[in-house]
Structure formats: C-alpha cells, structure tokens
Amino acid sequence: MKIGDLVEFTYGRVAPAGQIEGKRSTQAMESKARSLIKTILWRIIATANSFIILAAAMTDSPLKNALVMNASGFIIYFMYERLCNKVTWGRKKK
C-alpha cells in the first residue's frame, strides 16, 4: 500500500480501501479543497473565540482566561464538526 491510499477503519480492523467487502467504512474521503476551507473557517472561529474571551477579560487571572478559552473552544469545535458532517460539499464518492 502506498502513502496516500485511503484506509478504511472498519470494525476495529485496518485495511486498504476496497479490501473489506460487504462492510461499510466509517470514514469518508474528502477533497483537499474541503479540508482547506474547513481549516480556514475553523481558524477564523477559533481566533474570534480567543479575541472575545480576552477582550471581555472575564477574570484577572491569565490561567482562568486560558481555561475559559479552552473550554469554550472545545464546545464550539464539537458543534463546528457536527455541522461540517452535515455538509456534503467536497466529499468524494468511493
């Protein structure tokens, strides 16, 4: 198998794409454009989150501000990924 081949993670087993017949893959292949757009959008959202937390100066402690940023980033990223999973643009069909 060459680097870059799609690998399917199916039922705890790893095999090159197409070698596990009759079983559904749990991963979809996405285009480079989709990955790039998702990355850029996430960096904009993460930067805005950081700016809002720091501008609001919720606490006087840098550690507490960092913890708030981390916790809010965790929640926002979870929601962002769930939303991205609903968008079908940029997914390659097998």
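Which cross-chain or sequence-distant (5 or more) residues have an amide H under 5 Å from the amide H of Met29, H modelled 1.01 Å from N in plane?
The answer is Lys92.
Modelled label-to-label distance, Ala57 and Val87, 7 Å Cα→beta-carbon offset: nm?
3.6
Using the 10 angstrom Cβ neighbour count as an exposure proxy, how do Ile76, Ile53 rank, fewest first?
Ile76, Ile53
Using label points projected 7 Å from each Cα along Cα→Cβ, tell me how many nm separate Ala33 and Met79, to one decimal.
A separation of 2.9 nm, rounded to one decimal place.
If the viscosity is 1.002 mPa s and the temperature 20 °C, what translational diffusion coefficient in µm²/s does Stokes-Einstein give for the stretch 31-92 when Rh comes from Kirkwood over Cα pairs?
Rounded, D is 166 µm²/s.
FYI, it's all coordinate maths here, none of it is from the lab. A quick note: this is a predicted structure, and the numbers were derived from the prediction, not measured. Here the Cβ is made from the backbone with ideal geometry for all residues, glycine too, and neighbour counts use every protein chain on show.
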